[in-house]
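Encoded as structure tokens, the structure appears first; notes follow it.
The values are calculated or read from the model by the stated rules, or taken from the named source; none is laboratory data. In this text the structure is predicted, and so the values were computed from the model without any measurement. So basically every Cβ, Gly included, is an ideal-geometry build from the backbone, and we count neighbours across all protein chains shown. The area values use the complete protein model at the heavy-atom level, side chains included, leaving out ligands, DNA and RNA. Shrake-Rupley method; radii C 1.70, N 1.55, O 1.52, S 1.80 Å.
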Amino acid sequence: MTARYFAIQCIGFVGTFLFFFSYQCKSNRNLFRVQFLSYFIYTIHLILLGAMTGGISYIINTFRSLCLGGKWKFAKSRGMCAILCFLQILALIFTWSGWISILPVAANIASTIAGYSHNPQKIRLVGMFINSPLWITYNAISGSLAGILDEVITELSMIISIFRFGWKSLDRVEE
């Protein structure tokens, strides 16, 4: 392992640390704010690894978290959800490097739709059963050890949050 590769993995581990704590936020607004920082760090990590589709997808996720964590009404609307999904598709087209490129885009479109449901239960379900499995596969192929660890820890964090807050208390819509 070279010093450069080690440094890139360390950058990713900072994103992992932040993302773990995002699911410990009970309010969606704070969850998306912490994820904003995590996505920004992961953007740098993936681009440095040469995983361009994942990196560009994370830029869009960073913007998504800013929208969902903010107060601007249109940023939380279905129209913005559609724009973000369209941007993910554009990222796929412009960074295409084979079937692997589909994985982060499909994961992020599912997470975007779940996020725009404004329902903590749906956000966690999509995270556990769609987003994390697709990202684990992408990260394994791209060589992102931090990304794999992030998704495993994210799965654990979502499970902890369900036990902490109770499944029924998460079944509400937050605007």
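Points to keep in mind about this one:
- Any hit, the range 74-90, residues being small (Gly, Ala, Ser) and within 15 Å of the chain's Cα centre (by Cα): no
- None of 5, 39 is within 11 Å of the chain's Cα centre (by Cα), among the hydroxyl-bearing types (Ser, Thr, Tyr) and in a helix (DSSP H, G or I) except 39.
- Matching entry among 136, 141, 89 (being under 21 Å from residue 13 (Cα atoms), surrounded by fewer than 17 Cβ atoms within 10 Å (Cβ to Cβ) and not acidic (Asp, Glu)): 141
- Of the criteria (1) within 23 Å of residue 77 (Cβ to Cβ); (2) in a helix (DSSP H, G or I); (3) not polar (S, T, N, Q), which one residue 18 fails: (1)
- Looking only at the range 1-47, and only at residues there that are touching a helix residue (DSSP H, G or I) at 6+ places or on another chain (Cβ under 7 Å), aromatic (Phe, Trp, Tyr) and more than 27 Å from residue 95 (Cα to Cα), the one that is most open to solvent (accessible area, probe 1.4 Å): 21
- Within the range 50-63, being out of contact with any Ser or Thr (no Cβ under 6 Å at 6 or more places or on another chain) and buried (at least 17 other Cβ atoms within 10 Å of the Cβ) holds for 54, 57, 60, 61, 62, 63.
- Meets criteria (small (Gly, Ala, Ser), surrounded by fewer than 17 Cβ atoms within 10 Å (Cβ to Cβ), modelled with pLDDT of 95 or more and farther than 25 Å from residue 24 by Cα) for residue 82: yes
- Restricting attention to the range 125-175, the residues that are more than 14 Å from the chain's Cα centre (by Cα), without any contact (Cβ under 8 Å) to a residue 12 or more places away in the chain and closer than 14 Å to residue 103 by Cα total 1.
- Filter result (more than 16 Å from residue 137 (Cβ to Cβ) and aromatic (Phe, Trp, Tyr)) within the range 71-110: 72, 74, 86, 94, 96
- Restricting the range 144-175 to residues that are out of contact with any Ser or Thr (no Cβ under 9 Å at 6 or more places or on another chain) and part of a loop (DSSP other than H, G, I, E, B), the residue that is surrounded by the fewest Cβ atoms within 10 Å (Cβ to Cβ): 175
- Pairs with Cβ under 6 Å, 6+ apart, first in the range 39-67 and at positive phi, second polar (S, T, N, Q) and in a helix (DSSP H, G or I): none
- Check on residue 76, farther than 18 Å from residue 9 by Cβ and touching a His at 6+ places or on another chain (Cβ under 9 Å): yes
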